[in-house]
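To start, the structure itself, in structure tokens.
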Amino acid sequence: MNKTAYFLLALLITAGITYLIRLLPLLFVRKRIKNEFLKSFLYYVPCVVLSVLAFPAILTATGNLASGAAAAAVCVLIAYRNKGLITCMIGSVAAALAVEILLVII
């Protein structure tokens, strides 16, 4: 099997599995969800998944764990104060840059 055929087969399998994962809850859950715990759980799942995927990338983006940790900490502190996404981004980039500059100086 050549590379193009292998890629297309893998792409079709991945698309099929993704479609099934999205389709199966619609087939089995016919009624409206009334359980408040389950509704709140399902409401926060996308945020948690995004956070779990992004956090390791934040720590390793600069190639230095110290500047990545500083960026993550500043971002969490700014977000805790209910500031916007752009403010979090600017603050975390500034923190990572400051730590990188300090590490070069020291």
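The values are calculated or read from the model by the stated rules, or taken from the named source; none is laboratory data. Please read all numbers here as calculations on a predicted model, not as lab measurements. Cβ: placed from backbone, ideal geometry, glycine included. Neighbour counts: every protein chain shown. Remember, those area values only see protein heavy atoms, side chains included, never the ligands or the DNA or RNA. Shrake-Rupley method; radii C 1.70, N 1.55, O 1.52, S 1.80 Å.
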Worksheet item: Between Val29 and Leu9, what FRET efficiency follows from the Cβ-Cβ distance if R0 is 35 Å, with the result rounded to 0.05?
Response: 0.65
Response to the item:
For the chain, averaging the sequence separation of alpha carbon pairs under 8 Å that lie six or more residues apart and dividing by its residue count, the contact order in percent is 17 percent
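Leaving out ligands, DNA and RNA, and with a 1.4 Å probe, what % of the accessible surface on the stretch 1-83 is carbon or sulfur?
C and S atoms contribute 73 percent here.
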Discussion item. Can you order the peptides 67-77, 38-48, 93-103 by their average number of other Cβ atoms within 10 Å per residue, highest first?
Written reply: 67-77, 93-103, 38-48
Worksheet item: How far is it, in nm, from the label point at Val52 to the one at Ala98 when both lie 7 Å from their Cα along the line to the Cβ?
Response: 3.2 nm
Worksheet entry | Calculated Rg and Dmax of the chain using C-alpha coordinates, Å | 20.8, 62
Worksheet item: For the charge dipole of the chain, defined by +1 on Lys and Arg C-beta atoms and -1 on Asp and Glu C-beta atoms about the Cα centroid, which residue among Leu26, Ile58, Val74 has the Cα displaced farthest towards the positive pole?
Response: Leu26
